[in-house]
1. Using only Cα atoms, figure out Rg for the chain and give it as a multiple of 2.2 N^0.38 Å.
2. Give the accessible surface of the chain per residue, rounded to a whole number of Å², with probe radius 1.4 Å and ligands, DNA and RNA excluded.
3. Please enumerate, by chain and number, the aspartates and glutamates with C-alpha under 20 Å from the C-alpha of K69, excluding those fewer than 8 residues away in the same chain.
4. Once all Cα-Cα distances of the range 129-173 are split into 10 Å bins that start at 0, what whole-number percent is in each one?
5. Pop the C-beta distance of E75 and I155 into the FRET formula with R0 = 45 Å and round what comes out to the nearest 0.05.
6. Would you mind finding the longest exposed-site-free stretch of the chain, with exposed trypsin sites (Lys or Arg not before Pro) meaning DSSP loop and at most 12 other Cβ atoms within 10 Å?
7. Excluding Y116 itself, calculate the net charge of residues whose Cβ lies under 11 Å from the Cβ of Y116, where each Lys or Arg counts +1 and each Asp or Glu counts -1.
8. Need one number for the range 16-88: average projected area of the convex hull over its C-alpha atoms, nm².
Amino acid sequence: MKRIAIFASGTGTNARNIIQYFHANPDVSVECIVCNNEHAKARDVANEANIPYYLISKKDLHETDHVVKLMRESEIDLIVLAGFLWLVPETLLQAFPKRIINIHPALLPKHGGPGYYGMKVHDSVIKAGDKETGITIHYLNEKYDDGQIIFQKSIPVEAGDTPETLAQKVHQLEYEWYPKIIGQLLAS
Ligand code: GRF
């Protein structure tokens, strides 16, 4: 049995999708959701799935070993970030080498780094006049959107696309590919 923790601080739609994908799989368990925003819908996702939800503060993450302990106690094999906007400290990275991944809603290294999140990413793609966009799944390191790339999938930016239409299309790509890549990583 492989155990996943999902770090999500937004609407948690990827978290919900990942939970549904592995629901009937006896080899993979989504153990908990870790969240840094008490107003995030991620809490509802955890409640619906009947799994623990841990609300953490910046201090918990950066000044204590609370999160490392939590992950070790839950025997987590893979930490999956899905809309978690804080950097992760060296202590957690070192405790889970190559076992923390993130998804970014564009083709890194373009449109990534500090300040590139949510609609800002898709605004940037449209403003740049790019002919394609997509998703990037990557290992986490100490910088924003910088770790080794595991997987990318692209789609064309079509005439008439807006940041909103791109956001929708890219979310669909995320739903299709993030669980599959997680499954592959857990099996490798
Ligand atoms: C996704 O677009 C992901 O690429 C980014 O944060 C967003 C989270 O979306 N890292 P949701 O909360 O899962 O809907």
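1. It is 0.99.
2. Details: 9580 Å² over 188 residues.
Per-residue value: 51 Å².
3. E31, D60, D77, E90, E142
4. In order of increasing distance, the bins hold 25, 44, 28, 3 percent.
5. Details: r = 37 Å, r/R0 = 0.82.
The computed FRET efficiency comes out at 0.75.
6. Working: sites that count: K131, K143.
Result, exposed sites excluded: 1-130.
7. Working: positive: K110, K120; negative: D123, D145.
Once all neighbours under 11 Å are counted, the net charge is 0.
8. Working: hull surface 19.8 nm².
Directional mean of the projected Cα hull area for the range 16-88 stands at 4.9 nm².
The values are calculated or read from the model by the stated rules, or taken from the named source; none is laboratory data. Since the model is a prediction, treat every value here as computed from it, not as a measurement. Backbone-built Cβ (ideal geometry, glycine too); neighbour counts: all protein chains shown. Ligands, DNA and RNA are excluded from the accessible area calculation, which covers all protein heavy atoms including side chains. Shrake-Rupley method; radii C 1.70, N 1.55, O 1.52, S 1.80 Å.
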